[in-house]
Amino acid sequence: MFNTVVLVFELIGTMAFAVSGAVTAMKKEMDIFGVVILGLCTAVGGGAIRDITLGCTPPAMFTNPVYAVLAIVVSVIAFIPAVQSGISHSGKVVDALMLTADSIGLGIFTVVGIQTAMEALAEPSFFLLIFVGVITGVGGGIIRDVLAGNTPYVFVKHIYALASLGGAVVCSLLWSVTGAAPAMLIGAIVIIALRFCAARFRWSLPRAKIK
Amino acid sequence: MFNTVVLVFELIGTMAFAVSGAVTAMKKEMDIFGVVILGLCTAVGGGAIRDITLGCTPPAMFTNPVYAVLAIVVSVIAFIPAVQSGISHSGKVVDALMLTADSIGLGIFTVVGIQTAMEALAEPSFFLLIFVGVITGVGGGIIRDVLAGNTPYVFVKHIYALASLGGAVVCSLLWSVTGAAPAMLIGAIVIIALRFCAARFRWSLPRAKIK
Amino acid sequence: MFNTVVLVFELIGTMAFAVSGAVTAMKKEMDIFGVVILGLCTAVGGGAIRDITLGCTPPAMFTNPVYAVLAIVVSVIAFIPAVQSGISHSGKVVDALMLTADSIGLGIFTVVGIQTAMEALAEPSFFLLIFVGVITGVGGGIIRDVLAGNTPYVFVKHIYALASLGGAVVCSLLWSVTGAAPAMLIGAIVIIALRFCAARFRWSLPRAKIK
């Protein structure tokens, strides 16, 4: 039962990040193969970094192909309407799609990262859990942006990583209290809510400029 | 005998990718050390990613220095005539050199990646073989382009990764039929041929633009 | 005693690289969270690459949070005066700060990388020691520059990696003669001295331009 919930979570997160990678690639006018590869790297990249960090090799993306296959299929599906409709998508629709896909992926992957660390290590420290969660959540997006030649989104926009961090703390604290499934669900909801609120109300953090 | 063939293959691929990294660095007007480092990273980067993915640590590039030494020597050799002749190379010659070096490296490293996975894992899945092959083939070039500040070639040009993928499928399918050596040879030839044809006949894949 | 020296070395190197990452982020006008993340990645990135390369998973940054916590605190402290004083820092002060922080980090992390390889492997080859040292030294800076969208410093400026390489050779050669602590100290001093001299006297290496 719990494993099924985690699997469904992971599949949704994979689809969400694949869409965000594919849209980024199409904005850069990449061809269909570039779109698929960027969708794939975004979707499975965070998990691959997590597995290599934890010493779980080969990473799950290689031993269980369902995530990669799903990411490829979703990227192709995202490509087709874009070609058919030409350049007709307005910037607002695309941006809203990106925000939604990216938020859901961020929320789910962060808590799945924590769950993977819980399973892989005998006594993971609180600190390690938070780190692995955030890396799993933001890793795919960083790979996407670096490969596309953009400054990683996590560095410039609102409180992106802070949302992941907040949800990771909530999820890790709840884990021993409520058990795994509620902790993951609440953690993911916290992240998605923080991320949306930050975008909606234009929350921002102080910044300094050095010349 | 077979190991010798694999070694010769690897040495040729290493030299080819070192040249492609060194030429990229010289196009960016890096100094001799930048040229050597970029040649080195391009030549051994794909294999390092492969070994870390498979859990073979430390990667072969560290335990067996022949690849790294060769890459360094080749990068220096590629640097010397460029300095002597100044800016006299025409763009066409350099582009043809890059295409040839990069195609040979792509072909060889893809099939060597598959061979490494075959040796490292007891029962590698077909899916894992393809993935590890393609990652070994395109990984060095992605590192090269990201470090040089270019959009990775694999995302923008023709059917680069598709060639690697096609050859990886051919090599993996032939492996149990013909044995390792013929499978690797045919796989590499398929990749190099696809890559050249794509460049020669300007094969391209559909692309979408989102505003 | 020796372990304490190594720890102090590592803490100083961590602070130095955290400053260099934070300053880079502020130059790019990132918000406080971007500044902290870039400071953190620069400070612990080289060590994480080293540990994953050596197969020491999870990397020390996860199992021993002191480095990450220190990097975060230093990044925040570097941020505060920058905000208060607005854009008043002159370019020269910032550049001198960056040079100093980066040189110290480079020197310390290179020799700490060698020491880690000495402990992790039974009989590390001379070649592996040099490589792991240089990767630990320059890895964090490469991650910093790639994430910030800059061409990695190691490729464009003076003899940056050559300094790390020279000190790594000195440290590895001295190791069996003088013991660990003097070898590390002398190696780090060589690197910092080379780095400063290169910047001070504008040492540079030949470069070629290909059109």
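The values are calculated or read from the model by the stated rules, or taken from the named source; none is laboratory data. Please read these numbers as outputs of a predicted model, since none were measured by experiment. Counting neighbours? That spans all protein chains shown, and the Cβs are built from the backbone with ideal geometry, glycine included. Heavy atoms of the whole protein, side chains included, go into the accessibility calculation; ligands, DNA and RNA do not. Shrake-Rupley method; radii C 1.70, N 1.55, O 1.52, S 1.80 Å.
Kindly indicate whether any position in the stretch C:98-110 is crowded, with 22+ Cβ neighbours inside 10 Å and either modelled with pLDDT under 85 or more than 14 Å from the chain's Cα centre (by Cα) (or both).
yes
Among (1) in contact with a Leu (Cβ under 9 Å, 6 or more places away or on another chain); (2) at pLDDT below 90; (3) closer than 30 Å to B:LEU147 by Cβ, where does A:PHE196 come up short?
(3)
Inspect all residues belonging to the stretch C:46-54 and state whether any of them is of a type in the set (Gly, Ala, Ser), within 12 Å of another protein chain (Cβ to nearest Cβ) and within 19 Å of C:ILE114 (Cα to Cα).
yes
Go through the residues of the stretch B:128-149 one by one and say whether even a single one is of a type in the set (Lys, Arg), under 18 Å from the mean Cα position of the chain (by Cα) and modelled with pLDDT under 90.
no
Please determine, by comparing only the residues of the stretch A:25-44 that are open to solvent by 10 Å² or more (accessible area, probe 1.4 Å) and touching a Leu at 6+ places or on another chain (Cβ under 7 Å), which one is farthest from A:ALA60 (Cα to Cα).
A:ILE32
Sort out which residues of the stretch B:195-206 are open to solvent by 20 Å² or more (accessible area, probe 1.4 Å) and closer than 18 Å to B:THR100 by Cα, and write them in order of number.
Scanning the stretch B:195-206 gives B:PHE196, B:CYS197, B:ALA199, B:ARG200, B:PHE201, B:ARG202, B:TRP203.
Cβ-Cβ below 6 Å, separation at least six or inter-chain, first residue in the stretch B:90-116 and touching a residue at least 12 places away in the same chain (Cβ under 8 Å), second among the acidic types (Asp, Glu): which pairs?
Listed pairs, sorted by first residue: B:VAL112/B:GLU10.
When you check A:ILE37 against the structure, is it among the hydrophobic types (A, V, I, L, M, F, W, C), without any contact (Cβ under 8 Å) to a residue 24 or more places away in the chain and more than 14 Å from chain C (Cβ to nearest Cβ), yes or no?
Answer is yes for this residue.
Could you grab me the full set of residues in the stretch B:45-62 that are in a helix (DSSP H, G or I) and touching a Gly at 6+ places or on another chain (Cβ under 7 Å)?
If the condition is that a residue be in a helix (DSSP H, G or I) and touching a Gly at 6+ places or on another chain (Cβ under 7 Å), then B:GLY45, B:GLY46, B:ILE49, B:ARG50, B:ALA60, B:MET61 are the ones that fit.
Within the group C:ILE189, C:ILE142, which residue is β-branched (Val, Ile, Thr) and facing chain B (nearest Cβ under 9 Å)?
From the options C:ILE189, C:ILE142, the qualifying one is C:ILE142.
For the stretch B:55-64, which residues satisfy the criterion of being over 22 Å from C:VAL154 (Cα atoms), within 8 Å of chain C (Cβ to nearest Cβ) and without any contact (Cβ under 8 Å) to a residue 60 or more places away in the chain?
B:THR57, B:PRO58, B:PRO59, B:THR63
Looking at the stretch C:157-171, can you tell me whether even one residue there is farther than 30 Å from A:GLY139 by Cα, touching a helix residue (DSSP H, G or I) at 6+ places or on another chain (Cβ under 7 Å), surrounded by fewer than 23 Cβ atoms within 10 Å (Cβ to Cβ) and in contact (Cβ under 8 Å) with a residue 60 or more places away in the chain?
No; the residues of the stretch C:157-171 include none that is farther than 30 Å from A:GLY139 by Cα, touching a helix residue (DSSP H, G or I) at 6+ places or on another chain (Cβ under 7 Å), surrounded by fewer than 23 Cβ atoms within 10 Å (Cβ to Cβ) and in contact (Cβ under 8 Å) with a residue 60 or more places away in the chain.
Let me spell it out: the conditions are (1) open to solvent by 10 Å² or more (accessible area, probe 1.4 Å); (2) among the small types (Gly, Ala, Ser); (3) in contact with a Pro (Cβ under 7 Å, 6 or more places away or on another chain), and B:ALA117 meets all of them except one. Which number is the exception?
Tallying (1) open to solvent by 10 Å² or more (accessible area, probe 1.4 Å); (2) among the small types (Gly, Ala, Ser); (3) in contact with a Pro (Cβ under 7 Å, 6 or more places away or on another chain), B:ALA117 fails exactly one: (1).
Residues of the stretch A:150-175 being farther than 18 Å from A:ILE108 by Cβ, more than 7 Å from every other protein chain (Cβ to nearest Cβ) and at pLDDT below 90, which ones?
Hits for the stretch A:150-175 are A:ASN150, A:LYS157, A:HIS158.
Say whether the condition of being modelled with pLDDT of 90 or more, touching a helix residue (DSSP H, G or I) at 6+ places or on another chain (Cβ under 7 Å) and within 14 Å of chain B (Cβ to nearest Cβ) is met by at least one residue in the stretch C:18-31.
Among the residues of the stretch C:18-31, not one is modelled with pLDDT of 90 or more, touching a helix residue (DSSP H, G or I) at 6+ places or on another chain (Cβ under 7 Å) and within 14 Å of chain B (Cβ to nearest Cβ), which makes the answer no.
Being in contact with a strand residue (DSSP E or B) (Cβ under 8 Å, 6 or more places away or on another chain) and either in contact (Cβ under 8 Å) with a residue 24 or more places away in the chain or not aliphatic (A, V, I, L, M) (or both) narrows it down to one of A:ARG202, A:ARG207, so name that one.
Details: A:ARG202 fails: in contact with a strand residue (DSSP E or B) (Cβ under 8 Å, 6 or more places away or on another chain).
Selected residue: A:ARG207, the only one of A:ARG202, A:ARG207 that is in contact with a strand residue (DSSP E or B) (Cβ under 8 Å, 6 or more places away or on another chain) and either in contact (Cβ under 8 Å) with a residue 24 or more places away in the chain or not aliphatic (A, V, I, L, M) (or both).
Which members of the stretch A:65-97 meet the condition of being modelled with pLDDT of 85 or more and out of contact with any Gly (no Cβ under 9 Å at 6 or more places or on another chain)?
Residues satisfying the conditions are A:PRO65, A:VAL66, A:ALA68, A:VAL69, A:LEU70, A:VAL73, A:ILE77.
Among the residues of the stretch A:172-194, which ones are crowded, with 19+ Cβ neighbours inside 10 Å and more than 25 Å from A:ILE143 (Cα to Cα)?
Listed by number, the residues that qualify are A:SER172, A:TRP175, A:ALA180, A:ALA183.
Taking the residues in the stretch C:121-133 that are open to solvent by 30 Å² or more (accessible area, probe 1.4 Å) and of a type in the set (A, V, I, L, M) as candidates, determine which candidate is farthest from C:SER103 (Cα to Cα).
Of everything passing the filter in the stretch C:121-133, C:ALA122 is farthest from C:SER103 (Cα to Cα).
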